1. Please report Rg (one decimal) and Dmax (integer) in Å for the Cα set of the chain.
2. Run the simple label-point estimate for Val40 and Ala23 please: 7 Å along Cα→C-beta, distance reported in nm.
3. Counting other Cβ atoms within 10 Å, keep those with at most 12, restrict to DSSP loop, and tell me which trypsin sites (Lys or Arg not before Pro) in the range 24-124 are left.
4. Quick one: among Gln17, Gln38, Gln125, which has the greatest mean-square fluctuation in a GNM of the chain with alpha-carbon springs under 10 angstrom?
5. Would you list which lysines come within 23 Å of Lys53, measuring only between C-alpha atoms, while excluding same-chain residues fewer than 8 positions from it?
6. Accessible area per residue for the range 2-140 in Å², computed with a 1.4 Å probe and the full protein assembly in place, what is it?
7. Using 7 Å Cα-to-Cβ label points, what is the Ile14/Phe60 separation (nm, one decimal)?
8. Dipole magnitude of the chain about its Cα centre, charges +1 at Lys/Arg Cβ and -1 at Asp/Glu Cβ only, in debye to the nearest 20?
Amino acid sequence: MIGILMAILTGFFIALQSVTNAAIGSGVSTWTTAMITQAVGATGALIIYLFSKKSHVNGFKKVKPLYLFGGSFGAIVVASSVIAVTLVGATVAISLTLIAQLGTVVIIEALGVFDVRKQPIAGMQWIGLTLMMIGVVFISL
């Protein structure tokens, strides 16, 4: 149940972040927006980390170096979100983002990339993604 609530919370904050980033981006450049957002996020994470009783600094030794660059994807997420929300609106941008996320994760699971447990792509997954794409068409009309 906690996992479901956290997923819903994540979706809520991704939507808020996309809209607020677009507002920031209307006053400054896209990459300045990405820098501001990443810096504020890093500061917030640092504050939470400092007060957390579960800090595992030594765990970095166990993480593959390639995975430590995962946070850099955030800058691209912010920049592309600013552009997308500005050009196509928040609803369409976030709908397409969700479809891209699901499609990417289906492929990652099918191939077993990034140490994710390999899972075959089920027919229902393709149907679900197709229905979501049709939904985006209706949302954008």
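1. 17.4, 51
2. 0.9 nm
3. Lys53, Lys54, Arg117, Lys118
4. In the Gaussian network model the winner is Gln125.
5. Output for Lys53: Lys61, Lys62.
6. Working: 10110 Å² over 139 residues.
With all protein chains present, the range 2-140 gives 73 Å² per residue.
7. The modelled label-to-label distance comes out at 2.8 nm.
8. On the way: 7 positive and 2 negative charges, 112 e Å.
Once rounded to the nearest 20, the dipole reads 540 debye.
The values are calculated or read from the model by the stated rules, or taken from the named source; none is laboratory data. Here the structure is a predicted model, which is why all the values come from computation and not from measurement. Virtual Cβ from ideal backbone geometry, glycine too; neighbours counted across all protein chains shown. Ligands, DNA and RNA are stripped out before the accessible areas are found, and what is left, the full protein with its side chains, is counted by its heavy atoms. Shrake-Rupley method; radii C 1.70, N 1.55, O 1.52, S 1.80 Å.
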